[in-house]
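Single-structure report; data block below.
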Amino acid sequence: MQESHRPAVTISTIAAEAGVSVPTVSRVLNGRGDVAPRTRERVETLLRDYGYQRRGVRPEARSGLIDLVFNDLDSPWAVEIIRGVEEAANEAGVSTVVSAIHRHTSPSSTRQWLDNVSARASDGAILVTTDLDSFLRAELQRLQVPAVVVDPAGVPDLDVPTIGATNWTGAVGATEHLTAAGHRRIGFVAGTPGLWCSRARLDGYRAGLDAAGIAFDPDMVVEGGFDYQSGFRAGCRLLELPEPPSAVFAASDQMALGVYEAVRQKGLRVPEDVSVVGFDDLPEARWASPPLTTVRQPLAEMGKLAARTILRMLQGEGPESPRVELSTRLVVRESTAPPAYP
């Protein structure tokens, strides 16, 4: 009697027998043109001989892997996102692969990541602070990999579910907290230029000033990069102004802590001489000296919702909403006080 079942062959099996790498087999499967003709023929022959089934979206064909992709992984901010994604994925019995794509410094990294996604047959992808451009979207669709974007870099594309936070509202609340305390000269350390959240927080800062009848002064705004060093440099510039601010609102906690150091090096104190507000509510905000007043951005919850959205899509369900913004809230601690010289 003929055997009706045989073990399922994997891409790795094909690669080993063909004497090529797993990404090469993946490129053949995906119809890529950057494979030598003889290599392509050898791989395709093995695929036919083994009766290899190309990746589909059937539940039984899933790998149980979700890709979580950042532009950079050098921030505690990223750790909070990972924590949320991992929690939701673990509850569903799914594993997470975390990686970084340095798209601006290494254009080939996107192609390499796509090859890896194909090779490991990832079920879905969560991309953080990125633009899902037409090329990347088309490639993921061809690979049948649904995607969700967390904190999109540009104007959200309603064709792809996005998870964000109420950046504008949070920035308005932080600025109004300072104006209500009596501050009239409020410096702002902006986030990385061009990012959607950076623009929203700057607009919120301006709206908060306007609500208090304070004219916007462009000299009071210094661009940063969401990191400690850029916050320190921006803080030094603001404190060197002929009329320095009595308060500084930084668009991230990391930059706010950089402002702390700038204040210290000027021989001043927080909040006695300069009040400081951050944005994110990372764990170090509570540990800072003094503890940092900040806008809480629900980072872990954003990651958790992104993972659950991917899992819904894998079940054939649509996202609950194409664009979700989770609420931010001001957490008042000891880094803010009325100005010493009103």
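The values are calculated or read from the model by the stated rules, or taken from the named source; none is laboratory data. Note that this is a predicted model, so its numbers are computed, not measured. Don't worry about glycine lacking a Cβ; one is built from the backbone with ideal geometry, like all the others, and counts go over all protein chains shown. In case anyone asks, the SASA skips ligands and DNA or RNA and just uses the protein heavy atoms, side chains included. Shrake-Rupley method; radii C 1.70, N 1.55, O 1.52, S 1.80 Å.
Here are the numbers for this structure:
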| read-out | value |
| --- | --- |
| Leading residue by the ranking (farthest from the chain's Cα centre (by Cα)) among those in the stretch 219-231 that are open to solvent by 40 Å² or more (accessible area, probe 1.4 Å) and either β-branched (V, I, T) or at negative phi (or both) | D219 |
| L299 over 20 Å from I186 (Cα atoms) and either polar (S, T, N, Q) or crowded, with 18+ Cβ neighbours inside 10 Å (or both) | yes |
| Restricting the stretch 161-198 to residues that are part of a loop (DSSP other than H, G, I, E, B) and either hydroxyl-bearing (S, T, Y) or free of Cβ contacts under 8 Å to residues at least 40 places away in the same chain (or both), the residue that is most open to solvent (accessible area, probe 1.4 Å) | P193 |
| Only one of V20, V9 that is part of a loop (DSSP other than H, G, I, E, B), open to solvent by less than 70 Å² (accessible area, probe 1.4 Å) and at pLDDT 75 or above | V20 |
| Residue among V276, V295, V331 that alone is touching a residue at least 24 places away in the same chain (Cβ under 8 Å), touching a Lys or Arg at 6+ places or on another chain (Cβ under 6 Å) and hydrophobic (A, V, I, L, M, F, W, C) | V331 |
| Members of the stretch 274-296 found to be of a type in the set (V, I, T) and in a strand (DSSP E or B), listed by number | V276, V277, T293, T294, V295 |
